[in-house]
There are 2 protein chains.
Amino acid sequence: MAILTPEQIHDMHAYWEASNYLAAAQIYLQANPLLKEPLLPEHIKPRLLGHWGTSPGLNFIYVHLNRLIRDTNASILFVCGPGHGAPAVMANVYMEGTYTETYPDITQDEKGLKQFFRQFSSPGGIPSHVSPHTPGSIHEGGELGYSLAHAAGAVMDNPDLITACVVGDGEAETGPLAGSWKLNSFLNPVRDGAVLPILHLNGYKISGPTVMGRMSDTRLATLFAGYGYMPLFVKAKETEEVHQEMAAALDTAYQQIREIQDNARSSKKHTESLHWPMIILRSPKGWTGPVMWKGKRIEGTFRSHQVPLMDVKEDQDQLALLEQWLRSYKPETHFTPEGRLLPSLAQLAPTGDKRMGANPYANGGKTVQPLDMPDFSLYAVEVTKPGVTIAECTRELGKMLRDVFKLNAESSNFRLFCPDETTSNRLNAVFEATDRCFMEPLLDDDDHLSPDGRVLEVLSEHLCQGWLEGYLLTGRHGIFPCYEAFVTIVDSMFNQHAKWLKMCLEIPWRNDLPSLNYLITSHSWRQDHNGYSHQGPGFIDTVVNKKSSVIRIYLPPDANCLLSVMDHCLKSKNYVNLVVAGKQPALQWLNIAQATAHCAQGASVWDWASNDNHEKPDVVLACAGDVPTLETIAAAWLLRKHIPDLKVRVVNVVDLMSLSPKDYHSHGLETALFTELFTDDAPVIFAFHGYVRIVHDLVHGRPDPARFHVRGFIEEGTTTTPFDMVVLNKISRFHLAIAAIERTEKTLEKGDAVISLFENKLRMHSIYIRECLEDMPDIKNWKWEDLK
Amino acid sequence: MAILTPEQIHDMHAYWEASNYLAAAQIYLQANPLLKEPLLPEHIKPRLLGHWGTSPGLNFIYVHLNRLIRDTNASILFVCGPGHGAPAVMANVYMEGTYTETYPDITQDEKGLKQFFRQFSSPGGIPSHVSPHTPGSIHEGGELGYSLAHAAGAVMDNPDLITACVVGDGEAETGPLAGSWKLNSFLNPVRDGAVLPILHLNGYKISGPTVMGRMSDTRLATLFAGYGYMPLFVKAKETEEVHQEMAAALDTAYQQIREIQDNARSSKKHTESLHWPMIILRSPKGWTGPVMWKGKRIEGTFRSHQVPLMDVKEDQDQLALLEQWLRSYKPETHFTPEGRLLPSLAQLAPTGDKRMGANPYANGGKTVQPLDMPDFSLYAVEVTKPGVTIAECTRELGKMLRDVFKLNAESSNFRLFCPDETTSNRLNAVFEATDRCFMEPLLDDDDHLSPDGRVLEVLSEHLCQGWLEGYLLTGRHGIFPCYEAFVTIVDSMFNQHAKWLKMCLEIPWRNDLPSLNYLITSHSWRQDHNGYSHQGPGFIDTVVNKKSSVIRIYLPPDANCLLSVMDHCLKSKNYVNLVVAGKQPALQWLNIAQATAHCAQGASVWDWASNDNHEKPDVVLACAGDVPTLETIAAAWLLRKHIPDLKVRVVNVVDLMSLSPKDYHSHGLETALFTELFTDDAPVIFAFHGYVRIVHDLVHGRPDPARFHVRGFIEEGTTTTPFDMVVLNKISRFHLAIAAIERTEKTLEKGDAVISLFENKLRMHSIYIRECLEDMPDIKNWKWEDLK
């Protein structure tokens, strides 16, 4: 099948050689960039870093995708799963010109080439992986497994986009990648673009073989047919043939994609069990690199994973082999003496935004359209008095989210990603505006299920996270509601995304991106029915560790605060917003005006629960999180009832980072305000939703941190009652009240007696609980006005 | 194909009915356990909890596995992927008698039944998921995705064991589970047992459909053929047929497993591309449960996921439907009037250790054989003087691990699990004793690869963790070396394992288990070559949050400390040991005797680096972690050189938890010793390997915590030099020395001048680094003896 003319093959092969040269040269050279002189040890970098093994295959794919783009004018986003393949991606964005446009110092001449080689993987230069510095990339190399999920997220609601996603056979062994193949069950060819997976089998990881690399073509074809793909195989072989094969595979794949899309879009019906194309490319690891060294095979083995020849500076023979290898790419033929890629080759790249390094979606901030947001106060829960109204916070939020879907239906730029928990998390009002998305056969008993749904439910936190990331990085908006204990499944994905955002802030040409919004509900304290495996607030700790410029953590104590916080989050950019809020019926504290002011300040005194009359209190009862707030309010009430001469102040914290010194986080309260809330020296009994250590840390640097006595989740839990959960973790109203009495310096006449009383309540609880007699004591009918 | 006689079918069906009855009754009943009276609202529990949907399918599988065991005398371990299926597992271990043997209060009579029902999912009772409380289980329900990995780990080196692993179609959507199907590439039928996956498709998750549930048989068969399985399909249908089908499938699967094993074991050669059996069972969700309620289908839909009828206490019609449902299982026919399972049914269960609830491997501590450990001091690096010898810590450890493999070769009870990084982590001495394990075709260029290898390298941290957990939970030993940044991939798996261990400690009949040992190397500070995506010490934070009784964290500063620590960890039980140690050439500080003493105490003053003459120092320089230790030593030297009148004390912390108050962690230093090391009030400049917040937390509760000024990783990194990494994160020797001068209360004549000098050094560094001129300044030749 002759797709390419002999001239095309000649030129494309030359282009490939040039890119292979640039990839290898980035690893090795600090001088003599065009090999005009014989290669000498001083031309070699002092420290050899970079990954050769995957690079030639990536270069091969890139030149062929360029050809496809020129022939079809398709908009193709390149996702490079083998993140270590930076030398290849860099070579190509340099050759197509986007690199120089982005970084004008790296010119298209000999001087620019030298600088281009030197900066790679050098101190003060650029990272060794594909990173936010790389034009055209939405996908960091390093931690493997997320390329295909990113690729899928990127094409959602981008009907004209194709993401060419290279998956390495190392990466293919990871769980998240193995779970990503099911994207065909969720991508709708009517409204979404397409992913073209290119599985690149080069057989080895760092030092061992890959599982898929050793599978026969038959087994692979079978496997991927099961996932809904029709693989097209391309195998490294003699020059002409391999180029023809790859070109044919790409043409076929492209036609199949367009055919599926055209059929779907003309009939507007989805065809079940579509077979999407994918390409499986088998090539030797380190393809075209040095073949042997001292009797050991390099090309085609793990020995070419990173730097195939390490001793070139010291070993003359190795240096000669390196020179021979580099010269095999004929740089003098492909570049002008001034160091410019020959025009006949340069013209093989697409132009303008069609260059993969310049694809606008890869710098999603360029294309972002802000969400049309409803007025959040419209969804306010009426609260005439604190602690009387009962509401389910997430259910109220669901109504606002429903209208976000409605208002932005035309823009098609908002989605909700969730592991089958939208209803469980009581956000089901969204189903008044949209459905769950599903491309497999539908049945009569299905509930709000259709190919057009904008709620993506898949029982994989990895996919929810990866799809959402891909969606955000290409300039759209979204939210990820998740059970608190299980969101730690994506700790490491969050880490990498937060790193990406942090670096983007340092790169001027990267435009602002919509924030990643987590709604953590079904949280630890109210997983009393599900038990210990569902109880764990550790995700807050993971988030708080990341760069303060990109992380925000909110613990709205009630529905109106949740509305205010989420409105803010959905409008924000460049952050990861972590919002922790309950779904169970709970007492409401603030009306919408109070809530808005409270959230704006981050933390406030709740006067109605305090009896300090704005004077210095004997003890501060602070709280963050809905359940800790309830217990703190109850503790304040108990203290005021039983020991009215103890001056108690209640402080609620909704913005966790407001606790930190301002020089650490921009949300940190000014010192004067911090002191106004917490005093400089009064004991603080702090009831916290998560593990205590965060608070211990955040107040380090505040006046007298040792006076903060924090209660939180101490890994005690089981299937029990909500109130038993707070008792087991020693954060109940009685525990807090006892701690307040014990920590105050004031001499309290009745202190010991009241401690005895509360301890007795706890003893009774532990008897009751065994008899299943008691749930959380209600405080709804407590009369504040009777208190002094 | 008639496998079963009509009598067998009758009895097995009755057994199934009895187990379905017990499953449903656990969810609903608190009285009237045998329905001797008409069902009344007061017989119903006050709070209805539990998951019905998956239970009848699990019960069906269980009764059929019982039949297989009785017919073959096989040792079968049951892993229940659908963790919400506790009602079923509980029903079966009760019926086979293991539950009563384990918990004698839950008798085999009406009173016992009532108690059995009441305790389920009740406060003071037992959790709603399969948990450590459940006899026969090594696998907690709740967080989904790890059943198949646990199953594979369990059969490694247990040649006679078969793990029957039920995988739910919800769980099958997760990444880790999707990645687990490749176990056939790593299980060796000569030496390992077999996993029999039973994929249970009931079509729905909480409220949406499952991907695999909607795939056709053909597509599923194709998919699993790709993974190396030959699926046997069983579909819910009319009574006789479905029992025959399931019995035939199990018989076939069992014969195929034995055939593969017999062939492999007689020829002692492994046959490539084996096709292992698996079973795919399609059944309605909530099979045999209520069919419809108010015109909506329950059986076969998501509506039977949890409690299918929620209003039975209030709604007479619903109560009637519940009664009809429960009576459809004919409890009066299957149980004696005294509440005992009919002997004719009870005899269907296997006996003794062959009962799945009594399988000894499920309480791995019963079968554990301690490792034969070499004397770790034999591997000592000779250190005649601190700070002169250079060694790679993990390379030294590798020699010890090699001999652990050798000494325990016969017991076959030690494995190393690692994502293809054994050599990269410089532990490759182990390959003198064993190979990497691989069951796919081998090639000439492969390096230490064989089906018999005891090093499991798979590029999936999830699989490494899951396999190791399965291996440990069945009583063997292992170690998981991992890149620090990427071990956070398994944060949530670690969480669940730590929870499992914590609960096991509270359950008397659970025997002690070997610890899970992480070796975190390729750590953040020395990923200077790989860049920011490889830099993140957050796993320490995840570990430290778990119950103090089960976690241990060590940061050995040099090779001899690492040997001592790892010797201790490999001998320990019931812990998760996190060991952070470098692989790069590094200065060594302690000889083996000093190292052993240092590790035993947890933290010590390093006199040779201090000039306080055991008097009160002006400042304490504390450190934990190899790179922070190097910088601290250098800072001490710089201070002593430039400001000899400043009294400096150096304290190294190897056991992180030694910092915490003793009432929090048993490794906490006694108050007197803590004061002896850190004084009560001297400023402490603490250079820490991880994020600062851990230290802020651990010293909370120690005298004057505000004096601890901690430096750690502040999310600054890129591809650069090792020394630049410490500069970027403000933890370099100069930063530490400046902090020491600034924090001391002593008036230092030369203080400002020396600060200027050090600041100038840092300015020079930032110029140098851009010119690639400088790496980490060497301190090897610094002369301590010249200092005062």
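The values are calculated or read from the model by the stated rules, or taken from the named source; none is laboratory data. As the structure is a computational prediction, the values presented were derived from the model and not from experiment. Glycine also receives a Cβ, built like all others from the backbone with ideal geometry; neighbour counts cover every protein chain displayed.
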Exercise for the section: Tell me, yes or no, whether the range A:330-337 has at least one residue that is assigned to a strand (DSSP E or B), more than 14 Å from every other protein chain (Cβ to nearest Cβ), in contact with a Leu (Cβ under 7 Å, 6 or more places away or on another chain) and within 21 Å of A:Leu113 (Cβ to Cβ). Expected result: yes
Practice task
Could you please give the count of residues in the range B:188-213 that are surrounded by fewer than 22 Cβ atoms within 10 Å (Cβ to Cβ) and at the interface with chain A (Cβ under 7 Å from one of its Cβ atoms)?
Solution key: 1
Handout entry: Residue list for the range A:309-329, restricted to those being among the basic types (Lys, Arg) and in a helix (DSSP H, G or I)
Key = A:Arg327
Practice task
Within the range B:243-266, identify whether any single residue is modelled with pLDDT under 95, within 14 Å of chain A (Cβ to nearest Cβ) and buried (at least 17 other Cβ atoms within 10 Å of the Cβ), and answer yes or no.
Solution key: no
Practice task
State whether the residues of the range B:694-704 include one that is under 15 Å from B:Ala622 (Cα atoms), more than 35 Å from the chain's Cα centre (by Cα) and surrounded by 24 or more Cβ atoms within 10 Å (Cβ to Cβ).
Solution key: no
Fill in the blank from the handout: All-but-one check, A:Gly50 against (1) at positive phi; (2) surrounded by fewer than 24 Cβ atoms within 10 Å (Cβ to Cβ), failing number (2)
Exercise for the section: Take A:Ile779 and decide whether it is over 30 Å from B:Ser122 (Cα atoms), touching a residue at least 24 places away in the same chain (Cβ under 8 Å) and not hydroxyl-bearing (Ser, Thr, Tyr). Expected result: no
Handout entry: Selection status of B:Asp452, among the charged types (D, E, K, R), farther than 26 Å from B:Ser564 by Cα and modelled with pLDDT of 95 or more
Key = yes
Completion exercise
Taking the range B:687-724 and keeping only residues that are over 23 Å from A:Val699 (Cα atoms) and either modelled with pLDDT of 95 or more or hydroxyl-bearing (Ser, Thr, Tyr) (or both), one is left with B:Thr718, B:Thr719, B:Thr720, B:Thr721
Practice task
Could you tell me which numbered condition B:Leu321 fails, if it satisfies all but one of (1) in the same structural domain as B:Asp157 (by TED's automatic domain parsing); (2) buried (at least 16 other Cβ atoms within 10 Å of the Cβ); (3) closer than 28 Å to B:Tyr99 by Cα?
Solution key: (3)
Practice task
Can you work out which of the residues in the range B:706-725 that are in a helix (DSSP H, G or I) and touching a residue at least 40 places away in the same chain (Cβ under 8 Å) is nearest to the other protein chains (Cβ to nearest Cβ)?
Solution key: B:Asp724
Practice task
Inspect the range A:577-590 for any residue being modelled with pLDDT of 95 or more, outside any helix (DSSP H, G or I) and among the β-branched types (Val, Ile, Thr) and give the result as yes or no.
Solution key: yes
Completion exercise
Picking from A:Leu342, A:Leu274, the residue that is within 23 Å of A:Ala91 (Cβ to Cβ) and surrounded by fewer than 21 Cβ atoms within 10 Å (Cβ to Cβ) would be A:Leu342
Fill in the blank from the handout: For the range B:279-296, the count of residues that are free of Cβ contacts under 8 Å to residues at least 40 places away in the same chain and part of a strand (DSSP E or B) equals 3
Problem - Tally, over the range B:658-678, of residues that are surrounded by 21 or more Cβ atoms within 10 Å (Cβ to Cβ) and either over 17 Å from B:Thr632 (Cα atoms) or outside the structural domain of B:Thr747 (by TED's automatic domain parsing) (or both) - result: 7
Problem - Complete set of residues in the range A:464-488 that are within 10 Å of chain B (Cβ to nearest Cβ) and farther than 23 Å from A:Ala581 by Cβ - result: A:Gly466
Completion exercise
Taking first residues from the range B:445-471 that are farther than 15 Å from B:Asn425 by Cα and second residues anywhere that are at pLDDT 95 or above and of a type in the set (Asp, Glu), the pairs with Cβ under 7 Å that are 6 or more apart or on different chains are B:His448/B:Asp435; B:Leu449/B:Asp435; B:Ser450/B:Asp435; B:Asp452/B:Asp435; B:Gly453/B:Asp435; B:Ser460/A:Glu173
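Let's see how each residue does on (1) among the small types (Gly, Ala, Ser); (2) part of a helix (DSSP H, G or I); (3) over 32 Å from the mean Cα position of the chain (by Cα):
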site: A:Leu34; (1), (2), (3): no, no, yes
site: A:Leu48; (1), (2), (3): no, no, no
site: A:His64; (1), (2), (3): no, yes, no
site: A:Ile76; (1), (2), (3): no, no, no
site: A:Val89; (1), (2), (3): no, yes, no
site: A:Val93; (1), (2), (3): no, yes, no
site: A:Gln108; (1), (2), (3): no, no, yes
site: A:Arg118; (1), (2), (3): no, yes, no
Problem - Checking A:Pro617 against (1) over 23 Å from B:Glu715 (Cβ atoms); (2) in a helix (DSSP H, G or I); (3) not aromatic (Phe, Trp, Tyr), the condition it does not meet - result: (2)
Practice task
Being part of a loop (DSSP other than H, G, I, E, B) and within 17 Å of A:Ala622 (Cβ to Cβ) is the filter here, so list the residues in the range A:661-681 that pass it.
Solution key: A:Pro661, A:His667, A:Gly668, A:Leu669, A:Thr679, A:Asp680, A:Asp681
Practice task
Sort through B:Asp403, B:Asp420 and tell me the only one that's more than 24 Å from B:Val627 (Cα to Cα), without any contact (Cβ under 8 Å) to a residue 40 or more places away in the chain and under 22 Å from the mean Cα position of the chain (by Cα).
Solution key: B:Asp420
Handout entry: Residue in the range A:110-130 that is away from chain B (no Cβ under 14 Å), touching a residue at least 40 places away in the same chain (Cβ under 8 Å) and at positive phi present
Key = no
Fill in the blank from the handout: The condition of being at pLDDT 95 or above and touching a strand residue (DSSP E or B) at 6+ places or on another chain (Cβ under 7 Å) holds, among A:Asp109, A:Asp169, only for A:Asp169
Problem - Among the candidates A:Asp491, A:Asp528, A:Asp541, residue that is part of a loop (DSSP other than H, G, I, E, B) and at the interface with another protein chain (Cβ under 9 Å from one of its Cβ atoms) - result: A:Asp528
Practice task
Please find, among A:Ser216, A:Ser185, the residue that is in contact (Cβ under 8 Å) with a residue 24 or more places away in the chain, within 14 Å of chain B (Cβ to nearest Cβ) and under 30 Å from B:Glu173 (Cβ atoms).
Solution key: A:Ser185
Practice task
Take the range A:33-58 and flag every residue that is out of contact with any strand residue (DSSP E or B) (no Cβ under 9 Å at 6 or more places or on another chain), within 13 Å of chain B (Cβ to nearest Cβ) and among the hydrophobic types (A, V, I, L, M, F, W, C).
Solution key: A:Leu48
Handout entry: In the range B:406-439, the residues that are within 10 Å of another protein chain (Cβ to nearest Cβ) and among the β-branched types (Val, Ile, Thr)
Key = B:Thr422, B:Thr423
Fill in the blank from the handout: Only one of (1) touching a residue at least 40 places away in the same chain (Cβ under 8 Å); (2) within 11 Å of another protein chain (Cβ to nearest Cβ); (3) over 24 Å from the mean Cα position of the chain (by Cα) does not apply to B:Thr222, and that is (1)
